[in-house]
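Sharing a structure with you now.
The values are calculated or read from the model by the stated rules, or taken from the named source; none is laboratory data. Please read these numbers as outputs of a predicted model, since none were measured by experiment. No Cβ is skipped: glycine too gets one built from the backbone with ideal geometry, and neighbour counts run over all protein chains shown.
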Amino acid sequence: MAALSTLASFSKRLSALRYLRHRVDKTSKVNGGDLVAKVLKEHDVKHVFTLSGGHISPILVGAEKLGIRIVDTRHEVNTVFAADAVARLTGNVGVAAVTAGPGVTNTITAVKNAQMAESPVLLLGGAAASAAKGRGALQDIDQLSLFKSLCKFSASATTVRDIVPTVRAAIQAALSDTPGPVFVELPLDVLYPYEIVRKEVVGNDSGTAKSLGQKIVNWYLELYLHNLFAGGLDATEFGPLPVNIPLTSSEQVKQAAGFLSGAKKPVFILGSQATLGPKDAKDLKAILEGFGVPCFLGGMSRGVLGRDSPYQFRHCRRDALKQADVVFLIGSVCDFRLSYGRVFNKKSKIVAVNRNKEQLWKNSDAFWKPTLAIQADVGSFVADLQKALPSYKCDSSWIQELRAKDDAKEEKNAEMAKAPVDKHLNPMKLLQVLENVMPDNTIIVADGGDFVATASYILKPRGALQWLDPGAFGTLGVGGGFALGAKLVNPEANVVIIYGDGSAGYSIMEMDSFTRQKIPVTAIIGNDACWTQILREQINMFNSSVACPLAYSNYELVAEGLGAEGRLLRAEDENRLAEVFREAFKLNKEGKSVLINALIGKTAFRDGSISV
């Protein structure tokens, strides 16, 4: 079997005989890393997130030479989280480059998160030299198999001439149809210069072989090396390939317009896809407010209606869906966030619009079924719907009915913010003060459980693309990486991470990355010394707190140890919350990162919620 395997491998190499006549420039200073960098530059990539490793050094050096900023993190998972944030905020591909083996495996959670969030992320992974695969090389594993189910595209560039077409095709796949992550493996011997690779593959004493067997081996290795580099510098096209974006047909728009025009109590539910190009997410506000339909925003669509739109509702979605006669799922999915479709009135007509066919029909065989299912870009759909109904306006009595319910909930929350807690600060009061003093250009990064869930009802993004949360995967640990990407894309923005004390543990070391690379952000930890979102129901169900308690740790001292500013907020600081927040934002403008460790108590706000 071993002999057959060797023969098959040899035959595969011989299939490249047509490249034997290609001259190899053995002295060229251009290497595979430079080719990768050229493709990235031509695709308008401005940042590559990384954690250094010998397998990928040529990529990083090549990118730096072309003016692409290299941003290093303290854990590989945060390279992909940062690239994910860039992808969401720009609509272009976000790029991470990590070393082979454990460097690649450390990114898997973030890649899966990007897949479920539909973020176009390109992960470049180093790999053992092709000739050394399966022979015990350092950090050699089957990386492609790991990413097969996570990525839209995964491939290995096995020769230098494969690099450019493979990376271009990967970026095209990431951006087309339903966006998502892609993976390109770049073995060490396609990235480094010829002479370095020759020394490793053939050795310095190849001409001294005496036995016939060794001469045959050396002959094969010379052929292998020639094939590896032959035609490697022939690429002339480095720029973007055409990207496919599915669009709505005129007949589908006409049908949808008919449902809306006849509705008495319509509802729009928007998901993250509403912010995808080609339609600018910032244009959605005028379009949606033109309809005057009650809107519920989730994921990246939070903020598209600004802070205080009369048509945005936060608290009465279940009531609205019970009464609605027409519901538009605009990039929203019937998964756990909509109780798998159970929340809909059985008599409602449902118009579902989504780029992804699987997401479009999710759970439709169980609890719901779309009256009209449209596989298309949702932002373009909304714009086309407006053109079909230029004078449509929802009945104001429906808005008033829902507004009364939403306002009643807001008033109740305001009362709960004033109520005393068991100890420390009332988290709702803390968040309300933050809401009142946050600058309008704030990008909110949500990373946590109970504290972040509370924040989602109190903090109001001021505009489109000013809210970043993990998405449907519910991943903890996105804070540090998301904040890196957000601040680099919007250097003038005020970037605030809302951390739970549990989730802060995943990326608090990135305070070093912020400080060292002059990327100032503010991190606010709601520190209740507990995994509260789990504890609440675990206690009720099983009468046990096992694995839930934490400590009121001095996270502000950790930040100070990493070169940032640290602040501690306790019960006695309640009257100076606004002062501390404003000071943090001022320090950010001066180039300093700040971590605020806010000790908080418990409220009844989230009683009855469960996380499983």
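Which one is nearest to Pro240 (Cα to Cα) among residues in the range 78-135 that are part of a loop (DSSP other than H, G, I, E, B) and under 10 Å from the mean Cα position of the chain (by Cα)?
Ranking the qualifying residues of the range 78-135, first place goes to Pro120.
Residue-by-condition table, conditions (1) touching a Pro at 6+ places or on another chain (Cβ under 9 Å); (2) under 30 Å from Pro278 (Cβ atoms):
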{"site": "Asp72", "(1), (2)": "no, no"}
{"site": "Val77", "(1), (2)": "no, no"}
{"site": "Ala85", "(1), (2)": "no, yes"}
{"site": "Gly101", "(1), (2)": "no, no"}
{"site": "Val111", "(1), (2)": "yes, yes"}
{"site": "Glu118", "(1), (2)": "yes, yes"}
{"site": "Phe147", "(1), (2)": "yes, yes"}
{"site": "Thr159", "(1), (2)": "no, no"}
{"site": "Ile163", "(1), (2)": "no, yes"}
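Here's another thing I want to ask about it. Among the candidates Asp335, Asp308, Asp325, single out the residue that is surrounded by 15 or more Cβ atoms within 10 Å (Cβ to Cβ), in contact (Cβ under 8 Å) with a residue 24 or more places away in the chain and either among the acidic types (Asp, Glu) or in contact with a Leu (Cβ under 6 Å, 6 or more places away or on another chain) (or both).
Every option except Asp325 fails the conditions.
Can you give me the ranges of the helices (runs of 4 or more DSSP H) entirely in the range 301-408 with at least 1 residues that are assigned by TED's automatic domain parsing to the domain that holds Ile287, under 28 Å from Arg462 (Cα atoms) and not acidic (Asp, Glu)?
Answer list for the range 301-408: 317-323, 378-388.
Would you check if there is a residue in the range 409-416 being part of a helix (DSSP H, G or I) and within 22 Å of Ala274 (Cβ to Cβ)?
no
While we're looking at this one, here's another question. Please determine whether any residue of the range 56-66 is over 24 Å from the mean Cα position of the chain (by Cα), of a type in the set (Lys, Arg) and over 27 Å from Ala486 (Cβ atoms).
no
Would you check if Ala547 is among the hydrophobic types (A, V, I, L, M, F, W, C), surrounded by fewer than 13 Cβ atoms within 10 Å (Cβ to Cβ) and out of contact with any Lys or Arg (no Cβ under 6 Å at 6 or more places or on another chain)?
yes
Which numbered condition in (1) polar (S, T, N, Q); (2) under 35 Å from the mean Cα position of the chain (by Cα); (3) more than 30 Å from Lys148 (Cα to Cα) is the only one that Ser272 fails?
The number of the failed condition is (3).
Quick check: anything in the range 386-399 within 23 Å of Thr178 (Cα to Cα) and of a type outside the set (S, T, N, Q)?
no
Let me spell it out: the conditions are (1) over 22 Å from the mean Cα position of the chain (by Cα); (2) in a loop (DSSP other than H, G, I, E, B); (3) crowded, with 17+ Cβ neighbours inside 10 Å, and Ile534 meets all of them except one. Which number is the exception?
(2)
Scan the range 283-293 and give yes if some residue there is buried (at least 24 other Cβ atoms within 10 Å of the Cβ), in a loop (DSSP other than H, G, I, E, B) and either in contact (Cβ under 8 Å) with a residue 60 or more places away in the chain or charged (D, E, K, R) (or both), otherwise no.
no
Based on what the data block shows, is Ala169 outside the structural domain of Lys148 (by TED's automatic domain parsing) and either surrounded by 13 or more Cβ atoms within 10 Å (Cβ to Cβ) or at pLDDT below 80 (or both)?
It is false that Ala169 is outside the structural domain of Lys148 (by TED's automatic domain parsing) and either surrounded by 13 or more Cβ atoms within 10 Å (Cβ to Cβ) or at pLDDT below 80 (or both).
Using the structure shown, decide if Lys586 is more than 14 Å from Gly449 (Cα to Cα), free of Cβ contacts under 8 Å to residues at least 24 places away in the same chain and in the same structural domain as Lys429 (by TED's automatic domain parsing).
When the stated conditions are applied, Lys586 passes them.
Still on this structure, please answer the following. Would it be correct to say that Leu476 is free of Cβ contacts under 8 Å to residues at least 60 places away in the same chain and either assigned to a helix (DSSP H, G or I) or aliphatic (A, V, I, L, M) (or both)?
Yes; evaluated as a whole, the condition is true for this residue.
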